[in-house]
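Data first, discussion second: the structure below is written as structure tokens.
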Amino acid sequence: MPDYSTISWWLESSGDDLTPRPPLSQSIEVDIAILGAGFSGLWTAWYLKQRDPSLNIAIVERDIAGFGASGRNGAWCTSEYPRGPASIAKRFGVDAARRTVFAMRDTVDEIGRIATDHNIACDWHKGGELIIARGSHQRPTIDHEFAALQKLDLAQGAELLDAAAARDRVNITDLTGALFLPETAVFHPGKLVRGLARLVESTGVRIYEQTTVQRVYPGKYPMLRTDHGNVRAKTIVLCGEAYLSQLDGYGRDVMPVYSLITLTEPLSASDWDEIGWAQRECVASCRYTVDYLSKTADGRILFGGRGAPYQFGSAIKPAMDKHPGTHQMLQDNVRAWFPRLKDIKFTHTWGGPLGWSRDYLPTVAFDPAAGIARAHGYTGNGVATTNLAGRTLADLVTGTESPLLDLPHVNHAPRKWEPEPFRYLGVRYMQHAFMRIDRKAEATGSPPTGNSIAERLTAH
């Protein structure tokens with residue numbers, strides 16, 4: 001039996017018993033069968049029960065609740081959507097962009113409300129986020145983001161900070177400015193996902209762990225075939241996110257992209273006096289290769305980012321949760337951003353795959369004829385988006401009229417990823433290209449031009 005406390009510091013420090021729930025013991029029939037006990041599956045079950053308490057719902061999970069990205073993420077509950085508002089406006093119109101942004105902002109508060117109302121103690125703190133510019137080459141990005149919000153009349157509460165004001169919030173080296181956005185909370189993912197699983201069970205939903213779904217059968221009588229029996233249902237809901245790529249028939253719907261994290265020991269009071277960070281804002285840079293930081297409730301710094309190479313065939317293996325080169329880079333970044341911490345110790349490293357959509361747009365869809373609903377493709381912005389997806393799926397499946405059903409991701413038919421070996425060659429090219437773009441900008445002090453092949457291919 002795996003030691004699930006080693007998956008992430010979040011699960012280790014969740015305060016919950018990680019002993020797996022019993023697996024499925026025989027074939028069953030239910031109203032709703034959900035694949036995956038992460039945030040998507042749990043939120044969907046919760047809202048389905050709110051819509052119709054009589055529903056007989058079962059969740060089937062290969063490992064334990066919170067095993068995937070829900071229990072490994074960077075502790076950001078952000079209102080940011082995988083596509084920016086300007087991009088949504090360009091493709092779907094200004095009204096759709098505004099409705100999406102407001103729905104995401106409401107979602108952050110909805111999660112906080114449920115945690116409070118149901119006594120899920122998950123260190124919730126809505127301190128906002130800072131998108132920082134480290135160096136003059138990053139400053140145009142935050143200026144552009146702020147201007148885009150103003151143009152769409154979405155800049156309420158946002159602040160464009162100069163270097164001094166940014167350092168007053170978090171004392172990071174080489175700051176030239178920051179964009180503050182208020183609609184983001186920092187939290188303890190392990191406590192939230194494990195608490196949510198218990199909350200969902202209290203409504204009568206059954207969670208079967210250590211049960212692997214081997215195949216999905218759509219149709220008039222849809223079914224999940226597992227290694228412990230079959231689950232027949234009126235509707236099957238697929239909430240596997242990155243792991244959906246491992247299922248026959250869905251291998252090109254999402255691509256697993258590994259995000260890795262390092263965590264410091266708790267800092268001293270004198271360290272925090274110099275660094276600041278009193279409001280525990282989530283922090284991100286403007287680099288293509290992605291930096292994201294959060295401050296834990298017990299005074300640690302979490303630093304996450306990309307860099308682990310994509311593996312042929314969208315492989316997902318436990319050994320890939322740690323990549324020495326990437327974890328070393330993240331630890332070097334902590335010391336570079338906070339020179340005072342040159343001798344800091346790192347207590348934990350971990351990682352895992354997130355589900356990347358081909359067009360940066362999530363899919364929240366229901367096909368009544370096939371009996372299949374699904375939510376996936378959060379592309380690194382899943383904590384809040386999963387809650388929005390759960391509410392939307394509950395409305396779709398129960399036939400409830402809702403303004404959520406008019407958002408761009410509803411019944412979105414995702415563009416599929418290229419077949420191998422083209423996917424491998426393309427993704428590895430893009431990974432190396434983004435590293436080169438970031439390094440060139442840092443070396444020259446000039447922002448990326450936007451004209452490179454990699455930038456044009458990902459413009460959205």
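Looking across the range 417-448, not a single residue is within 22 Å of the chain's Cα centre (by Cα) and surrounded by fewer than 13 Cβ atoms within 10 Å (Cβ to Cβ).
Within the range 354-369, the set of residues being assigned to a loop (DSSP other than H, G, I, E, B), among the hydrophobic types (A, V, I, L, M, F, W, C) and either in the same structural domain as V290 (by TED's automatic domain parsing) or buried (at least 17 other Cβ atoms within 10 Å of the Cβ) (or both) comprises L361 only. Could you list, in sequence order, the residues of the range 304-355 that are over 24 Å from G382 (Cα atoms) and charged (D, E, K, R)? Those that are over 24 Å from G382 (Cα atoms) and charged (D, E, K, R): D332, R335, R340, K342, D343, K345. Of the candidates A278, A308, A319, A269, the single residue that is surrounded by fewer than 16 Cβ atoms within 10 Å (Cβ to Cβ), under 23 Å from E241 (Cβ atoms) and of a type in the set (G, A, S) is A319. Within the range 162-178, the set of residues being surrounded by fewer than 21 Cβ atoms within 10 Å (Cβ to Cβ) and either over 13 Å from P140 (Cα atoms) or of a type in the set (S, T, N, Q) (or both) comprises A163, A164, A165, R167, D168, N171, T173, D174, T176.
Being of a type in the set (G, A, S) and in contact with an Asp or Glu (Cβ under 9 Å, 6 or more places away or on another chain) is the filter; apply it to the range 186-202 and report the residue that is surrounded by the most Cβ atoms within 10 Å (Cβ to Cβ). Of everything passing the filter in the range 186-202, G190 is surrounded by the most Cβ atoms within 10 Å (Cβ to Cβ).
Restricting attention to strands (runs of 3 or more DSSP E) lying wholly within the range 86-181, give those where 2 or more residues are within 30 Å of G71 (Cα to Cα).
Of the strands (runs of 3 or more DSSP E) lying wholly inside the range 86-181, those with at least 2 residues that are within 30 Å of G71 (Cα to Cα) span 129-134, 175-181.
The set of residues in the range 221-257 that are part of a strand (DSSP E or B) and either under 27 Å from the mean Cα position of the chain (by Cα) or within 24 Å of E418 (Cβ to Cβ) (or both) comprises L224, T226, T235, I236, V237, L238, M255, P256, V257.
Applying the set (1) closer than 25 Å to I114 by Cα; (2) β-branched (V, I, T); (3) touching a strand residue (DSSP E or B) at 6+ places or on another chain (Cβ under 7 Å) to T385 leaves exactly one unmet item: (3).
Does the range 44-65 contain any residue that is within 20 Å of D109 (Cβ to Cβ) and small (G, A, S)? Scanning the range 44-65, I find no residue that is within 20 Å of D109 (Cβ to Cβ) and small (G, A, S), so the answer is no. Restricting attention to the range 200-220, does a residue exist that is closer than 21 Å to W46 by Cα, touching a helix residue (DSSP H, G or I) at 6+ places or on another chain (Cβ under 7 Å), assigned to a helix (DSSP H, G or I) and of a type outside the set (D, E, K, R)? Yes - at least one qualifying residue is present in the range 200-220. Name the single residue, out of those in the range 206-217 being over 24 Å from the mean Cα position of the chain (by Cα) and touching a residue at least 60 places away in the same chain (Cβ under 8 Å), that is surrounded by the most Cβ atoms within 10 Å (Cβ to Cβ). Checking each candidate, the answer is V216. Would you be able to say whether some residue in the range 59-79 is more than 15 Å from the chain's Cα centre (by Cα) and without any contact (Cβ under 8 Å) to a residue 60 or more places away in the chain? Within the range 59-79, not a single residue is more than 15 Å from the chain's Cα centre (by Cα) and without any contact (Cβ under 8 Å) to a residue 60 or more places away in the chain.
Scanning the range 53-85 for residues that are closer than 25 Å to K295 by Cβ, of a type in the set (S, T, N, Q) and outside any helix (DSSP H, G or I) yields N73, T78, S79. Does G390 fit the bill of being out of contact with any helix residue (DSSP H, G or I) (no Cβ under 9 Å at 6 or more places or on another chain) and in the same structural domain as M223 (by TED's automatic domain parsing)? Taking the combined requirement at face value, the residue does not satisfy it. Within the range 145-158, the residues that satisfy the criterion of being free of Cβ contacts under 8 Å to residues at least 40 places away in the same chain and either farther than 20 Å from G84 by Cα or surrounded by 15 or more Cβ atoms within 10 Å (Cβ to Cβ) (or both) are F146, A155, A158.
D298 meets the conditions (1) closer than 22 Å to L175 by Cα; (2) in a loop (DSSP other than H, G, I, E, B) in every case but one. The failed one is (1). Note on the range 16-42: residues that are without any contact (Cβ under 8 Å) to a residue 24 or more places away in the chain and either in a strand (DSSP E or B) or under 14 Å from R206 (Cα atoms) (or both) amount to 0.
The values are calculated or read from the model by the stated rules, or taken from the named source; none is laboratory data. Since the structure is predicted, the reported quantities are computational estimates derived from the model, not experimental observations. With ideal geometry, Cβ positions are generated from the backbone for all residues, glycine too; neighbour counts draw on all protein chains shown.
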